[in-house]
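A.B. asks: Below are the C-alpha cells for one structure; questions will follow.
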C-alpha cells in the first residue's frame with residue numbers, strides 16, 4: 001500500500017499587479033517616519049531580495065473559499081474520482097474569507113465546509129475542517145491526511161491551501177509587496193500496490209519560544225490612521241535567520257527517515273516566501289551533507305506569483321507536474337522534498353516519491 005497524491009489542481013488569479021504599480025505608495029517605517037529614499041529604489045531593493053516582479057490578486061467578488069473551490073474542482077477531475085467518496089476535506093489558510101474592501105475575517109462556517117457546499121457533496125461522512133498552521137498549513141494537512149489513511153479511517157482526502165493575503169496588508173508597509181492570492185489542491189489517496197512510492201516520511205516542529213511572534217497582526221505604520229484594523233506584519237530578518245537554520249535541518253531529518261539518500265533527491269519544493277531565503281535554505285541543506293547544491297534542483301514561482309502562503313507549494317507542484325515551469329519536470333520514481341516555514345513558528349517537511 002502507498003499513500004499518494006493522485007490529483008492536483010491550482011487556481012492562479014487573473015489580476016496581475018506589477019512592482020511598478022507600487023511607485024505611488026506612501027511607504028513608512030514602523031515608527032511612522034518616512035524613508036529617505038525614493039520608492040523606485042525601495043522597489044529595486046525589494047526585487048533584489050525577494051525576486052518578486054509581480055503577484056496575483058483575486059478578483060473583487062472572489063473570496064478565499066472560492067479560490068479553494070476552483071482548485072478543488074481541478075484536483076478532483078485530475079484524480080478521476082467520484083467526489084462523494086472523499087472522506088475528509090482539509091483547508092489550510094490563515095484568515096478565512098475576507099470580502100474585498102474590508103478587513104473582517106470570516107471563518108464561520110469553516111472554509112472547508114464552504115468548499116464542500118460549493119462542490120455539491122452530499123455525503124455526510126465527508127468531514128470538513130480548517131487548519132491554521134501558518135504557511136506550512138498545506139504540508140501539515142497532507143501529513144494529517146496520511147495519518148487518517150494509515151489509521152484506516154479514510155481512503156481519500158482533499159487537502160487545499162488557499163489565501164487572499166492581498167486583503168490583509170498595510171499599504172504603508174513595504175512588506176505589502178510580498179503577499180499574493182491563490183489556491184492549490186491535492187487528492188491524497190490510498191493506493192493498493194507494492195511500490196515504494198507516495199509519502200515516505202515527514203517531519204514537523206513548532207518553535208514557540210522567542211520566535212512565536214515573528215509573524216503577527218499589528219497596526220498600520222500610518223500612525224494617523226484612526227481605526228482598530230490589524231494587518232499582517234513580520235520581523236523579516238528574524239524570520240530569515242530562523243528559516244535558513246531550521247528548514248534545512250527538518251529536510252535532513254525527514255530525508256533520513258525516508259530511507260532515501262541525498263543523491264536520490266530530484267526536486268525540492270519550498271514555500272515561496274522569498275527567493276533569497278529559499279536559495280539560502282537549499283544551499284544550507286546541501287552543506288549539511290558537505291555537498292554542493294545541484295543545478296536545477298529547486299523550481300520557483302515567486303517571481304510571477306508572489307507569496308500566497310499556504311497555496312505556494314501545492315500550486316508550484318501542480319505547475320511542475322503539468323510542465324508549466326520552464327526547465328523543470330517530474331517523472332515516475334523521482335524522489336522529491338516538500339518544505340515550509342511560517343507563523344507559529346512552524347516548520348515541516350515531507351519526503352515523497354512520484
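A.B. asks: Go through the stretch 224-329 and tell me which helices (runs of 4 or more DSSP H), entirely inside it, have 1 or more residues that are in contact with a strand residue (DSSP E or B) (Cβ under 6 Å, 6 or more places away or on another chain) and more than 23 Å from residue 49 (Cβ to Cβ).
C.D. replies: Where helices (runs of 4 or more DSSP H) fall fully within the stretch 224-329 and carry at least 1 residues being in contact with a strand residue (DSSP E or B) (Cβ under 6 Å, 6 or more places away or on another chain) and more than 23 Å from residue 49 (Cβ to Cβ), they are 236-258, 312-321.
A.B. asks: Now for a different question. Kindly provide the set of residues from the stretch 175-197 that are more than 19 Å from the chain's Cα centre (by Cα) and either modelled with pLDDT of 95 or more or part of a loop (DSSP other than H, G, I, E, B) (or both), ordered by number.
C.D. replies: The answer is 189, 192, 193, 194, 195, 196, 197.
A.B. asks: Considering (1) out of contact with any helix residue (DSSP H, G or I) (no Cβ under 8 Å at 6 or more places or on another chain); (2) surrounded by 23 or more Cβ atoms within 10 Å (Cβ to Cβ); (3) free of Cβ contacts under 8 Å to residues at least 40 places away in the same chain, say which one residue 285 fails and leave the rest.
C.D. replies: Only one criterion is unmet by residue 285, namely (1).
A.B. asks: Report yes if residue 293 is in the same structural domain as residue 251 (by TED's automatic domain parsing), within 13 Å of residue 178 (Cα to Cα) and surrounded by fewer than 16 Cβ atoms within 10 Å (Cβ to Cβ), otherwise no.
C.D. replies: no
A.B. asks: Across the stretch 35-54, which residue is farthest from residue 275 (Cα to Cα) among those that are in contact (Cβ under 8 Å) with a residue 40 or more places away in the chain and more than 22 Å from the chain's Cα centre (by Cα)?
C.D. replies: 42
A.B. asks: Considering every residue within the stretch 234-243, establish whether at least one is in the same structural domain as residue 66 (by TED's automatic domain parsing) and surrounded by fewer than 24 Cβ atoms within 10 Å (Cβ to Cβ).
C.D. replies: no
The values are calculated or read from the model by the stated rules, or taken from the named source; none is laboratory data. What you see is a predicted model, and the numbers here were worked out from it, not measured in a lab. Glycine gets a Cβ as well: all are built from the backbone with ideal geometry, and neighbour counts include every protein chain shown.
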